[in-house]
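Each remark here refers to the structure printed beneath this line.
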2 protein chains.
Amino acid sequence: MFIILVYDFNERRVGKALKICRKYLHWVQNSVFEGELTKANFVKLKMELSGIMNEDEDSVIFYIFRSKQYTDRLEMGLKKGGEELFL
Amino acid sequence: MFIILVYDFNERRVGKALKICRKYLHWVQNSVFEGELTKANFVKLKMELSGIMNEDEDSVIFYIFRSKQYTDRLEMGLKKGGEELFL
C-alpha cells in the first residue's frame, strides 16, 4: 500500500517520531512522509508511533492508498524534508 | 480535482494561512486540509497563500488527485482540526 503520513508532535518527542517515520517512509517535507509499505510494516510503524506519542498532545494522520496514484505533488516555499538528507 | 494540503507556517502567519485554507478546503487536522476544488479555485488558493507566505520560512505541499480516491484515512492521537469547528 502507499501511505502519506502527516504528524504533529510536541517538540520534546518530534525527534523520536522523525527517526521512526524515516525508518519506514521517505521524508517529503517538515512533517510529511510518504512511501510504499507492506501491511506488516504499516502495523509496526503504527505500534512504534503509539509507543512514543502522547495522545493528548500529538497527532498523526495516515492517508492510505492501494498504490501511488496521486496525479501531482506541488510544493511552495521552503523544502525542509527531502531525500537528500538520507545521503 | 481533490486536494490534500499540508502547511507549515511561522506562527506569525499561521492564523492568516488557516483562514485562507478554510475558505477553500475542509480542515482535517492541525496543518492538514482536504477537499474538492475547481481548477479556478485551486489557482486562487495558491495565489492567496503566495501573498502571505515567506518562502524562506513557510511551506505548503499539495497532493493533487483527479478524484477523492484514498482507501482510508486513519488518525491517531489528538484531533485538532475537524469540521465540528465549522458549526
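Which value in deg cm²/dmol, rounded to the nearest 500, describes the helix-derived mean residue ellipticity at 222 nm for chain A, given -39,500 (n - 2.57) per DSSP H run of n ≥ 4 and division by the residue count?
It comes out at -10500 deg cm²/dmol, rounded to the nearest 500.
Per residue of B:6-17, other chain Cβ atoms within 10 Å of the residue Cβ number 2 on average. Stokes-Einstein diffusion of the protein assembly as shown at 10 °C, 1.306 mPa s viscosity, Kirkwood radius from Cα pairs, rounded to a whole number: 96 µm²/s.
B:Ser31 contributes an accessible area of around 20 Å² to the protein surface, as traced by a 1.4 Å probe with all chains present.
For the rotation carrying B onto A, the chain B residue whose Cβ lies nearest the axis, with the distance in whole Å, reads B:Val6, 3. Take each residue in A:34-40, count the other chain C-beta atoms within 10 Å of its C-beta, and the mean is 0. For chain A, the relative contact order works out to 45 percent when only alpha carbon pairs closer than 8 Å and six or more residues apart are counted. Label points for A:Glu36 are taken 7 Å from Cα along Cα→Cβ. From this copy to the others they lie 3.2 nm apart, shortest first. Annotation for B:Glu75, label-to-label distances across the other copies: 2.7 nm (shortest first, one decimal, point 7 Å from Cα along Cα→Cβ). Across peptide B:50-61, the mean count of Cβ atoms from other chains lying within 10 Å of each residue's own Cβ comes to 4.
A 1.4 Å probe run over the protein chains yields, for the protein assembly as shown, 53 Å² of accessible area per residue, whole-number rounding. Once you sort the root eigenvalues of the Cα gyration tensor of chain B as a ≥ b ≥ c, which label holds: rounded (a/c under 1.5), prolate (a/b larger than b/c) or oblate (the other case)? Oblate, because a/c is 1.5 or more while a/b does not exceed b/c.
The values are calculated or read from the model by the stated rules, or taken from the named source; none is laboratory data. Please read all numbers here as calculations on a predicted model, not as lab measurements. Please note: Cβ atoms are built from the backbone with ideal geometry, for glycine as well, and neighbour counts cover all protein chains shown. To get the accessible areas, we keep the full protein, side chains included, count just its heavy atoms, and leave off ligands, DNA and RNA. Shrake-Rupley method; radii C 1.70, N 1.55, O 1.52, S 1.80 Å.
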